[in-house]
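The values are calculated or read from the model by the stated rules, or taken from the named source; none is laboratory data. Note that the structure is predicted; figures quoted are calculated from it, not measured. No Cβ is skipped: glycine too gets one built from the backbone with ideal geometry, and neighbour counts run over all protein chains shown. Each accessible area value is taken on the protein alone, full model and side chains, heavy atoms only, with ligands, DNA and RNA left out. Shrake-Rupley method; radii C 1.70, N 1.55, O 1.52, S 1.80 Å.
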Amino acid sequence: FKAPSTNHPALYRDLLRTNRVHWIAEEPPAELVRDKMMECHFRFQHQMALVPCVLTLNQDGSVWVTLVKPARAIAPGQFAVFYKGDECLGSGKILRMGPSVYTMQQGKKREEGSKKEDIDKIEPAT
């Protein structure tokens with residue numbers, strides 16, 4: 001996929017799934033086991049700023065990562081690394097991506113469009 005610009009909404013996502021996470025200190029953190037979810041921070045490239053996120057633990061040890069705001073250019077095969085304060089909690093390889101911001105915007109437009117009376121005026125998605 002080639003986006004028309006470097007900041008095109010198709011490059012941004014706020015949901016991803018990892019494989020089984022390798023936890024460093026606690027396997028997995030007690031808060032995540034207890035609540036099945038945990039707020040922390042995440043990065044997937046060494047130089048990038050930490051992004052606030054919520055982890056949801058799956059039974060197989062993988063996690064769904066929901067980002068507070070969409071991040072650009074996340075791709076399967078990269079590693080998601082999780083932090084609480086200065087502490088690195090662990091990491092997991094990114095397996096699956098949620099829909100892009102662009103896809104979500106298109107979905108919203110379609111929902112709004114179908115509420116209108118003149119449905120036949122909706123342009124086909126390209």
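Just checking the listed ones, Glu27, Glu39, Glu87: in the Gaussian network model of the chain with Cα springs under 10 Å, the one fluctuating most is Glu87. At a probe radius of 1.4 angstrom, the accessible area of the chain per residue rounds to 67 square angstrom.
In the chain, taking the dipole from charged Cβ atoms about the Cα centre, the farthest positive-side position among Ser5, Gly85, Ile24 is held by Ser5.
Residues Val54, Val33, ordered by accessible area of protein heavy atoms at a 1.4 angstrom probe radius and largest first, appear as Val33, Val54.
Taking only Cα atoms, what is the 0 to 90° angle, nearest 10, from helix 101-115's long axis to the longest principal axis of the chain? Rounded to the nearest ten degrees, it is 40. Of all the stretches in the chain, which is the longest one without any exposed loop site, taking trypsin sites (Lys or Arg not before Pro) in a DSSP loop (any state but H, G, I, E, B) with at most 12 other Cβ atoms within 10 Å? Counting at most 12 other Cβ atoms within 10 Å as exposed, the longest clean stretch of the chain is 37-115.
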